[in-house]
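Notes follow the structure.
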Amino acid sequence: YLFRLLGLVEGDDPLAQMDGQTRRRKTLDAIKRILIRESLNQPLMVIFEDLHWIDGETQALLDLLAESLVTAKILLLVNYRPEYRHEWGSKTSYTQLRLEPLARESAAEMLTALLGDTTEVQPLRRLIMETTGGNPFFMEETVQVLLDEGALVRAGTARLTKPLGELKIPPTVQAILASRIDRLPADEKQLLQTLAVIGRELQLRLIEGVLHPHPPEAATAPLARSFAGEGQGEGSDDLERMLADLQLREFILEQLTVDDIEYKFKHALTQQVAANSILIEKRKLLHERTAQAMESLYADRLDDHVVELAHHYGRSGDAPKAVDYLSRAARWALHRSAYKEADAHVSTAFPLLEQLPDNESRARRELDLQLIASETMSLLKGYGAPEVRESAARALELAQILGDSQAAFSANTSLLRYYAIGADASLARQAAEDLVAQADESGDPARRVIAHALCGYYLSTTGRLTIARKHFETSIAAYNSTSDHSSLRMRDNFCQALSTFASVLFAEGFPDQALAMARRGLELAREIGGVQTLTLGLGYRALVHQWRGDIDETLTVSEELASVTEENEFAHWGSWAVLLRGWATARKGQITHDAALVSKGLEMLRTPAVGDRLWWSMTNIAEVAWRAGDAKTGLAALEVVGDLNETADQRADLVFQARRWKGNLLTLSGAEVEMREAEELFRRCIAHAREGGGKLAELCATTSLARLFAKQGQRDEARAMLAEIYGWFTEGFDTAALKDAKILLDELNA
């Protein structure tokens with residue numbers, strides 16, 4: 001893992017086929033274990049500086065280390081500006097120190113190290129202390145600027161060459177740095193400015209590539225000519241001399257790497273001031289030259305540098321190249337399951353896209369960005385977020401114009417997920433038909449696996465379970481039709497098919513098969529290692545446990561789901577975790593009064609609930625309220641979702657659940673009018689379930705109706721109808737629905 005991280009892999013990469021999220025996790029773990037192991041030999045001090053500029057990957061490593069410090073002999077030191085935020089404050093192993101300016105005694109000690117403690121420099125020491133306020137970097141740079149201008153010399157001891165009143169010390173550290181840079185010889189100043197544009201950490205060969213571009217005709221700009229040896233010998237000797245001089249002046253530091261010499265700015269503020277001192281047009285030219293040098297130098301591993309290339313091209317004025325590299329950076333982030341990072345790259349690319357001429361090339365670039373945007377928004381904001389529909393619809397439009405069938409398929413996949421969760425039933429049906437047609441026409445097994453699975457999922461939400469099962473069976477057959485299951489895309493699609501198929505098996509009346517299928521889907525998800533597939537597997541496993549009435553198992557799996565979604569900030573799956581945990585904790589608590597029940601309901605809705613999330617959360621509250629005998633709170637929750645008649649904007653499966661729980665709640669009152677309404681709701685539920693083949697739903701609704709009939713004295717009719725549907729089942733007798741039915745049936749028989 002470390003060899004791959006450092007680009008030291010020779011020959012075939014043994015990790016090339018590994019899922020990006022798994023490889024990322026194991027790479028971070030490898031670094032952590034090396035540090036932990038070394039701490040057994042001797043205590044370690046690990047230092048991270050300037051966390052306010054930290055990247056996502058380094059942050060992940062830092063978080064992993066922070067979790068492992070309690071028992072390790074490691075002192076982890078970090079520094080950051082106040083705007084940086086972290087989650088370590090509650091850890092007993094964490095201590096925060098505010099870095100104040102140096103106290104007078106410490107400042108005096110530092111000045112003694114810089115200037116000495118002779119009588120002659122005492123006035124200067126007092127002046128520096130008053131000007132800098134005890135800021136150590138400011139103090140150091142002030143002494144350095146006085147040395148640079150010759151006002152201060154060191155000849156054994158430090159002494160001033162001019163009166164104290166004639167010294168002009170700039171009022172800020174930025175001004176100090178600007179003054180020091182301006183006093184450099186012209187060629188060294190130009191070199192320092194060039195380095196500042198290239199980056200904070202710079203390999204020598206990259207510096208040479210920027211200053212001596214190839215082919216030679218590229219060296220036409222004044223910058224290139226000044227370092228191309230015009231009156232300066234061979235150029236490389238001058239470069240080494242100037243780099244050495246910049247080190248002596250403490251602008252940059254030198255360090256050795258595996259295969260090159262590397263330089264870094266002593267302080268990020270020095271780089272910032274040097275870069276800002278260049279005219280904008282010249283800075284744009286330097287960014288372009290840096291990007292070109294990187295393309296040449298890292299041609300065999302550009303993916304490792306796409307973010308830097310996008311940065312330089314984006315500031316060079318070359319919008320097409322910037323968009324291309326931002327798109328590649330976003331794709332690379334998706335490959336590593338870094339969805340927020342991918343979203344940031346796409347957000348940066350869209351404004352640059354506006355600068356391009358309206359032609360086919362721009363359309364293809366936009367298509368790629370819209371597809372990435374729809375995928376990232378699906379996870380970060382939820383499948384039903386308006387941004388998902390906007391990006392996917394635009395991507396579909398572009399794909400059709402360009403004749404790109406693969407892109408059209410990907411766009412339709414996002415659109416179907418968007419519509420299927422309750423946005424619009426008619427549009428969901430059209431998207432499902434288009435997706436299946438595209439997949440079958442392509443003959444691509446991977447496409448057929450996911451297309452038929454998604455279509456099956458959509459049909460299950462409409463209550464047409466028999467047809468849904470056929471699509472899932474087609475999906476699995478497509479996977480089994482090819483012996484090549486090495487493709488990550490193929491296995492990922494198959495895993496999603498298994499997990500969603502579990503919900504159909506349960507609804508059809510096969511709870512044990514459903515649980516086995518959900519377990520299989522989650523096991524495959526863990527094997528694959530992709531975070532998106534893992535969340536889906538956890539979500540459906542927890543959902544099956546909830547339907548079965550397995551409270552403890554629901555809580556255990558949903559807590560793992562919550563952990564994964566919180567880490568990755570997945571809105572859609574995060575809301576599942578909140579709702580499932582809320583249901584389980586409410587059931588475990590046996591809530592019996594309004595205030596506590598409402599509190600749990602609000603906990604379920606902590607994540608914004610829209611579409612199917614809203615219906616699901618309200619029916620969960622209604623169920624717990626019914627079990628607590630609290631009709632008022634349960635009916636109030638169902639009023640939030642409104643009309644219980646199916647419309648184009650409502651899912652039939654959710655309407656069914658709302659009707660059933662409303663009927664159950666109405667029976668608590670005993671009033672004749674409410675009993676009649678409850679009976680009508682139960683009968684509609686039974687008819688709906690029979691039409692689509694939903695035996696579990698039919699059992700639940702029949703149990704509710706039989707309980708109502710028994711309450712009204714119609715025990716024979718209640719027993720007959722319940723015995724008929726209960727007798728159909730051959731498995732799942734330990735599930736809540738079948739146990740409730742059996743208890744009621746025994747009471748009726750008695």
Q) For the stretch 694-749 and the stretch 13-79, what is the separation of their C-alpha centers, rounded to whole Å? A) 57 Å
Q.
Rounding to the nearest 10 and keeping the result within 0 to 90°, find how far the Cα-based axis of helix 405-418 lies from the longest principal axis of the chain.
A. 60 degrees
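Sum up the charges of everything whose Cβ sits under 10 Å from the Cβ of GLY116, counting Lys and Arg as +1 and Asp and Glu as -1, but leave GLY116 out.
Working: positive: ARG125, ARG154, ARG159; negative: ASP117, GLU120.
Around GLY116, the charge tally is +1.
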Q: May I ask for the angle, rounded to the nearest 10°, between helix 136-148 and the longest principal axis of the chain, with both axes built from Cα atoms and the value confined to 0 to 90°?
A: 30 degrees
Q: Among the lysines, select those whose C-alpha is under 16 Å from the C-alpha of LYS340, and discard any that sit fewer than 8 residues away in the same chain.
A: LYS381
(Q) With a 1.4 Å probe and all protein chains left in place, how much of the accessible area of the chain comes from carbon and sulfur atoms, in whole percent? (A) 51 percent
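Which order do the peptides 239-251, 38-50, 506-518 come out in when sorted by mean C-beta neighbours inside 10 angstrom, highest first?
The peptides rank, most packed first, as 506-518, 239-251, 38-50.
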Q: Tally the DSSP beta bridges in the chain and give the antiparallel ones as a percent, rounded to 5.
A: 70 percent
Q | Whole-number percent relative contact order across the chain, with pairs defined as alpha carbons under 8 Å at least 6 apart | A | 7 percent
Q. How much accessible surface area, in Å² rounded to 10, belongs to the heavy atoms of TYR1 with a 1.4 Å probe?
A. 80 Å²
Q: Sort PHE350, PHE472 by accessible area with a 1.4 Å probe, largest first.
A: PHE350, PHE472
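Just to confirm a number: summing +1 for Lys and Arg and -1 for Asp and Glu over residues other than ALA407 whose beta-carbon lies under 10 angstrom from that of ALA407, what do you get? Let's see the in-between values first.
On the way: positive: ARG364; negative: ASP368, ASP404.
Charge balance near ALA407 sits at -1.
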(Q) Students often get this wrong, so try it: which of (1) 212; (2) 155; (3) 195 is volume of the Cα convex hull per residue in Å³ as calculated from the structure shown? (A) (1)
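Counting pairwise Cα distances across the stretch 623-750, what percent come out greater than 22 angstrom? All intermediate terms of the calculation are to be shown ahead of the outcome.
Details: 2766 of 8128 pairs.
Everything past 22 Å amounts to 34 percent.
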Q | Separation between Cα centres of the stretch 260-302 and the stretch 95-154, rounded to whole Å | A | 32 Å
Q) Gap in Å between the Cα centre of the stretch 351-401 and the Cα centre of the stretch 440-480? A) 26 Å
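Taking a probe of 1.4 Å, how large is the accessible area per residue of the chain, in Å²?
Values: 34870 Å² over 750 residues.
It amounts to 46 Å² per residue over the chain.
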Q: Positive end of the charge dipole of the chain (Lys, Arg +1 and Asp, Glu -1 on Cβ, about the Cα centre): tell me which of VAL9, MET110, THR619 has its Cα farthest that way.
A: THR619
Q: Largest first and to the nearest Å, give the Cα extent of the stretch 284-324 along each principal axis.
A: 25, 18, 12
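With the contact rule set at Cα under 8 Å and sequence spacing of 6 or more, what percent relative contact order holds for the stretch 349-504? Don't skip to the answer; put the middle values down first.
Details: 194 pairs, mean separation 24.7, N = 156.
Normalised by residue count, the contact order of the stretch 349-504 is 16 percent.
For the full complex of protein chains and a 1.4 angstrom probe, list ARG719, ARG417 by accessible area with the highest value first.
ARG719, ARG417
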**Q.** In Å², nearest 10: area of VAL9 left accessible to a 1.4 Å probe
**A.** 60 Å²
Q: Work out the P(r) tail for the stretch 501-579: percent of alpha carbon pairs separated by more than 17 Å, whole number.
A: 40 percent
Q: May I ask for the angle, rounded to the nearest 10°, between helix 186-198 and the longest principal axis of the chain, with both axes built from Cα atoms and the value confined to 0 to 90°?
A: 10 degrees
Q) Considering only protein heavy atoms, what is the solvent-accessible area of THR257 at a probe of 1.4 Å, reported in Å² to the nearest 10? A) 50 Å²
Q. Cβ under 9 Å from SER499's Cβ, SER499 left aside: what net charge do those residues give with Lys, Arg +1 and Asp, Glu -1?
A. +2
Q) Relative to the present Cα-Cα distance, how much length would full extension add between LYS73 and ALA175 at 0.36 nm per residue of separation? A) 32.5 nm
Q: Assign unit charges at the C-beta atoms only (+1 for Lys and Arg, -1 for Asp and Glu), then state the dipole size of the stretch 113-182 relative to its Cα centre in Debye, rounded to the nearest 20.
A: 120 debye
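Let me check something: with ligands and nucleic acids excluded, how do CYS685, CYS700 order by accessible area (1.4 Å probe), largest to smallest?
Details: CYS685 0, CYS700 25 Å².
Most to least solvent-accessible, the answer reads CYS700, CYS685.
The values are calculated or read from the model by the stated rules, or taken from the named source; none is laboratory data. Note that this is a predicted model, so its numbers are computed, not measured. Ideal geometry is used to build each Cβ from the backbone, glycine not excepted, and the neighbour counts take in all protein chains shown. Remember, those area values only see protein heavy atoms, side chains included, never the ligands or the DNA or RNA. Shrake-Rupley method; radii C 1.70, N 1.55, O 1.52, S 1.80 Å.
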